[in-house]
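Worksheet: the structure to be examined is printed underneath.
The values are calculated or read from the model by the stated rules, or taken from the named source; none is laboratory data. All figures in this text were calculated on a predicted structure; none of them were measured in a lab. Cβ placement follows ideal geometry from the backbone for every residue including glycine, while neighbour counts extend to all protein chains displayed. Note: accessible area is taken over every heavy atom of the protein model, side chains too, but ligands, DNA and RNA are not part of it. Shrake-Rupley method; radii C 1.70, N 1.55, O 1.52, S 1.80 Å.
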Amino acid sequence: GFDCSGFTMYLYAQLGYSLPHSATAQYKNCGYAVAKSDLQPGDLVFFSDSSHAIGHVGIYIGNGQFIHSSSGAGCVVISDLSSSYYLKNYVGAKRIAG
């Protein structure tokens with residue numbers, strides 16, 4: 001199984017990119033910020049339910065959805081950015097490739 005940052009790290013490694021195994025480190029140290037209105041498939045999307053830490057990361061796949069490894073579901077799932085939890089806890093997005 002994957003945790004959320006392990007999932008993004010693994011997928012990006014398949015494309016030749018090295019990401020750290022931490023959602024916070026991916027947010028702070030990787031790629032460049034993109035506006036939510038400019039999201040493109042492949043962008044990393046980040047979430048936090050506290051004021052000081054990034055708690056979750058996924059990969060935007062288009063049409064307002066992202067794929068991520070969900071600890072709650074115990075598997076890889078596709079979710080809507082507009083669902084209440086993710087809408088409320090959205091922090092930002094990063095584009096790795098460019």
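Of the residues making up the range 33-80, those that are in contact with a helix residue (DSSP H, G or I) (Cβ under 7 Å, 6 or more places away or on another chain) and either part of a loop (DSSP other than H, G, I, E, B) or among the aliphatic types (A, V, I, L, M) (or both) are L44, S48, D49, A53, I54, G55, V57, I59, V76. Within the bounds of the range 82-90, is there any residue that is part of a strand (DSSP E or B) and open to solvent by less than 30 Å² (accessible area, probe 1.4 Å)? No, because not a single residue in the range 82-90 is part of a strand (DSSP E or B) and open to solvent by less than 30 Å² (accessible area, probe 1.4 Å).
Select from the range 75-98 the residues that are basic (K, R) and out of contact with any strand residue (DSSP E or B) (no Cβ under 8 Å at 6 or more places or on another chain) and list them in ascending order. Quick ask: steps written out before the conclusion?
Taking the range 75-98 first, the residues basic (K, R) are 88, 94-95.
The one that is basic (K, R) and out of contact with any strand residue (DSSP E or B) (no Cβ under 8 Å at 6 or more places or on another chain): K88.
The set of residues in the range 31-67 being open to solvent by less than 30 Å² (accessible area, probe 1.4 Å), hydrophobic (A, V, I, L, M, F, W, C) and free of Cβ contacts under 8 Å to residues at least 40 places away in the same chain consists of I54, F66. Scan the range 9-30 for residues that are assigned to a loop (DSSP other than H, G, I, E, B) and either of a type in the set (A, V, I, L, M) or surrounded by 20 or more Cβ atoms within 10 Å (Cβ to Cβ) (or both) and the total you get is 2. G6 satisfies every condition listed in (1) open to solvent by less than 20 Å² (accessible area, probe 1.4 Å); (2) at pLDDT 95 or above except (2).
Residues are listed down the side, and each one gets a yes or a no for (1) of a type in the set (D, E); (2) farther than 14 Å from Y12 by Cβ; (3) modelled with pLDDT under 95:
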site	(1), (2), (3)
Q26	no, no, no
D43	yes, no, no
F46	no, yes, no
D49	yes, yes, yes
Y60	no, no, no
I67	no, no, no
S70	no, yes, yes
C75	no, yes, yes
